[in-house]
Amino acid sequence: QDSSEQRWGKPTLNVDPASNRMVRLYQSLNEKDTVYVKIDDDVVYIAEHAIANLVRERLRGRCLLVSANVVNHAIMSALHQDRGAHKGYWPSEEQVENPSRRLPWLKQSEINTSPNFQIERFPASRCVVERWDCAALVHESFLERAADDTLCAFDFGWHDFNRAGYREHRYIHRSPSVNNEYWTEGARWSTNCFAFKPEDLDAANWQNVYGKGDDEEEFTGPMAERKDKHSCAVGKALMVHFSYGSQEEGLMAYTNLLRRYDKLSKRQAKTRPSKHQRAESRRIAHAGR
């Protein structure tokens, strides 16, 4: 169905939520016994079986919403940092002198310990949602680990977003769709990719959902508290989120990271077993039983 702004127009305050395209989109996902997976359009890497792992965890019924293990994420980047997944990258002198050259950064150390790149576990962590250079360090670390087969460093197993309750953080929520902002408290996490069932959203206050970021604020905060159910992330469901809006301009202007992710995807497509090879592997395994 057409959920574009051209079809529905821009959202406005104090109107029937049913007239809002984002609300109508979520409410249209109503098939019984179905797990839906929402993926942002700036996700540039999805590990094999990641979506299956998300759906499998949601079907266990332990969590309200189930997030992927997202690289460049306001909460999970802090988890990755604490696991030593991020390496100590720094732009070269040539890159500093002429940023438009978009040169790859240079590794200075095996673990990032720089005070210039400290990521706090916070929904609006400045080193994540405001600084493109923090995103560059995270992406450089991921690409190196993808090349040397050490992506396991990002795998934290399983994470409870509500381990400290439903009002862990205090921050300003900004709703650019209706030019509104206000102070709030919650355990907000970025919904770059998450699995859910239609009934998971039955306690949502759709009057608070107008556009970008509002669904995330409502689902991971007030709605979760109303239902009194924790949400979680699955370590094996690894994905990469390229940029928050405030990071995009710097990443595109001063790095070649997007092109390098394109090359990574093409390499993986070449090395992935064909349908025939997978069938043959299953035949051999079955014959050996």
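The values are calculated or read from the model by the stated rules, or taken from the named source; none is laboratory data. Given the structure is predicted, the values throughout are model-derived calculations rather than measurements. Methodologically, a virtual Cβ is constructed for each residue, glycine included, from the backbone with ideal geometry; neighbour enumeration extends over all protein chains shown. Only protein heavy atoms, including side chains, enter the accessible area calculation; ligands, DNA and RNA are left aside. Shrake-Rupley method; radii C 1.70, N 1.55, O 1.52, S 1.80 Å.
Okay, here's what the table says:
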quantity	calculated
Volume per residue of the C-alpha convex hull in the stretch 100-231, rounded to whole Å³	160
Prolate/oblate/rounded label for the stretch 206-270 (Cα gyration tensor, a/c 1.5)	oblate
M239, M22, ranked by accessible area, largest first (probe 1.4 Å)	M22, M239
Computed accessible area, I119, all protein chains, 1.4 angstrom probe, square angstrom	20
Kirkwood Rh (inverse of mean 1/r, distinct Cα pairs), the stretch 52-173, angstrom	16.0
Computed FRET value (nearest 0.05) for A253 with W183, which takes r as the C-beta separation and R₀ as 25 Å	0.15
Per residue, in Å², the accessible surface of the chain once ligands and nucleic acids are set aside, probe 1.4 Å	53
Point-to-point label distance, N116-L59, nm (Cα→Cβ direction, 7 Å offset)	4.8
Share of carbon and sulfur in the accessible heavy-atom surface of the stretch 78-196 [1.4 Å probe, %]	46
Cα-based Rg / Dmax (Å) for the chain	20.3, 65
Candidate residues Y261, Y254: accessible-area rank, largest first, probe 1.4 Å	Y254, Y261
The stretch 1-157, relative contact order [Cα under 8 Å, separation at least 6], %	19
